[in-house]
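See structure below.
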Amino acid sequence: TNRNKFISVYDYFSKDMLKTIQAQRYFVENLDRALAEKWVTVYYQPIVRTANGCVCDEEALARWVDPERGVISPADFIPVLEETMLIYKLDLYVVEQALAKMKKQAEAGLYVVPISINLSRADFYACNIVEEICRRVDGAGIGRAMITIEITESIIGSDFEYMKGQVERFRELGFQVWMDDFGSGYSSLDVLQQIHFDVIKFDMRFMKQFDNTDRSRIILTELMKMATGLGIETVTEGVETIEQVDFLREIGCTKLQGFFYCCPLPFEKILRRYEKGRQIGFENPQESDYYD
Ligand code: C2E
Ligand code: MG
Ligand code: MG
Ligand code: MG
């Protein structure tokens, strides 16, 4: 019976794998259609300045809203688009959507804050991503400082010199580059030593493990000091409670992002949220930043 048990578990496992492979093929085969028919949509999550509670940035986060399967999270479709080198299509689409959003807001007389775009390692190999993004931003007549590039520390990895060059190119052109998910990988300090980032984003695992007696509090405190010493601004993501906000303010984290403030929302909903919460302030970026 043990043997039978083993076989049935194995059967289940392989069926599961087959399902996964089918799901992955689905994303690859339908990407162009999903972009054309707007199944891929962009959600925006505000980032708040710790000192004044004003919205100072927004992060663009992709969602695949499938006519049959509903809202699908990036964890399900990003990895396969990365493996197949197609992710650049989605990421350039996200850039275009973010630029269109800024234009609409500006035309309606609403405040506009810089929008963060997440890039994957494959983006830097599938096309000349720096030029592709630059061309779109310039073409929209929007200042480059309004688009922020988020790069996960782990994508720096092997081709260090190449990635360093790409980060520097973005920055020379006037884009901000933020290091995302800091503290989730292994090479963090070495990368920080050698590449200049405008902002370090602390991975949400620091908040997940947050507890007043926890070691992560001590580690986060010291890392924050280090960033401050380097003259780099800091964001902590995954902020969900007032205790976390108070602690992060105390240790000098300059920006905060998380469900405590707002979850990622589609364009229309985030505008309504901003209208309703008139107490929500905005940092008005310099007009010279917004207009080219
Ligand atoms: P990320 O860049 O680190 O984004 C932060 C993730 O944390 C988002 O998940 C966001 O919804 C979630 N989050 C924000 N606040 C909280 C909170 O208070 N608590 C918790 N538990 N979660 C919070 P999401 O949208 O599922 O994205 C997951 C990852 O997928 C992103 O991590 C990013 O690496 C990647 N991703 C998302 N959109 C894109 C995209 O357009 N292009 C690329 N290349 N990657 C993307
Ligand atoms: Mg990010
Ligand atoms: Mg990321
Ligand atoms: Mg992150």
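Derivation of every value follows stated rules applied to the coordinates shown; laboratory data play no part. Owing to the predicted nature of the structure, the values given are computational and were not obtained by experimental measurement. Cβ placement follows ideal geometry from the backbone for every residue including glycine, while neighbour counts extend to all protein chains displayed.
Can you spot a residue in segment 99-117 that is closer than 17 Å to Thr152 by Cα, among the β-branched types (Val, Ile, Thr) and touching a residue at least 40 places away in the same chain (Cβ under 8 Å)?
Within segment 99-117, one or more residues are closer than 17 Å to Thr152 by Cα, among the β-branched types (Val, Ile, Thr) and touching a residue at least 40 places away in the same chain (Cβ under 8 Å).
Taking interchain pairs and intrachain pairs at least six residues apart, which have beta carbon atoms under 6 angstrom, with the first residue in segment 129-150 and closer than 11 Å to Phe170 by Cβ and the second part of a helix (DSSP H, G or I) and of a type in the set (A, V, I, L, M, F, W, C)?
Val130/Phe170; Ile133/Val95; Arg144/Val137; Ile147/Val137; Ile149/Phe170
Identify all residues within segment 167-182 that are crowded, with 19+ Cβ neighbours inside 10 Å and not in a strand (DSSP E or B); write none if there are none.
Within segment 167-182, Val167, Phe170, Phe175 meet the criteria.
Among the candidates Ile156, Ile195, which residue alone is touching a residue at least 24 places away in the same chain (Cβ under 8 Å), within 15 Å of ligand 4 (Cβ to nearest atom) and closer than 30 Å to Gln244 by Cα?
From the options Ile156, Ile195, the qualifying one is Ile156.
Counting just the residues of segment 187-223 that are part of a loop (DSSP other than H, G, I, E, B) and charged (D, E, K, R), which one comes out nearest to ligand 2 (Cβ to nearest atom)?
Per the criteria, the residue is Asp203.
Considering only strands (runs of 3 or more DSSP E) fully contained in segment 41-136, which possess at least 2 residues that are within 17 Å of the chain's Cα centre (by Cα) and buried (at least 19 other Cβ atoms within 10 Å of the Cβ)?
Where strands (runs of 3 or more DSSP E) fall fully within segment 41-136 and carry at least 2 residues being within 17 Å of the chain's Cα centre (by Cα) and buried (at least 19 other Cβ atoms within 10 Å of the Cβ), they are 55-66, 115-119.
Restricting attention to segment 110-160, and to residues there that are away from ligand 3 (no atom under 16 Å from the Cβ) and polar (S, T, N, Q), which single residue is nearest to Phe267 (Cα to Cα)?
Ranking the qualifying residues of segment 110-160, first place goes to Asn128.
Quick test of your reading of the structure: Gly143 fulfils all but one of (1) out of contact with any helix residue (DSSP H, G or I) (no Cβ under 8 Å at 6 or more places or on another chain); (2) more than 16 Å from ligand 4 (Cβ to nearest atom); (3) over 19 Å from Asp123 (Cα atoms). Name the failing condition by number.
Just one mismatch for Gly143, condition (1).
Of all residues in segment 29-40, how many are over 16 Å from Glu96 (Cβ atoms) and either part of a loop (DSSP other than H, G, I, E, B) or of a type in the set (Ser, Thr, Tyr) (or both)?
0
For the list (1) closer than 25 Å to Lys255 by Cβ; (2) in contact (Cβ under 8 Å) with a residue 12 or more places away in the chain; (3) among the hydroxyl-bearing types (Ser, Thr, Tyr), I need the number of the one condition that Ser73 fails.
(2)
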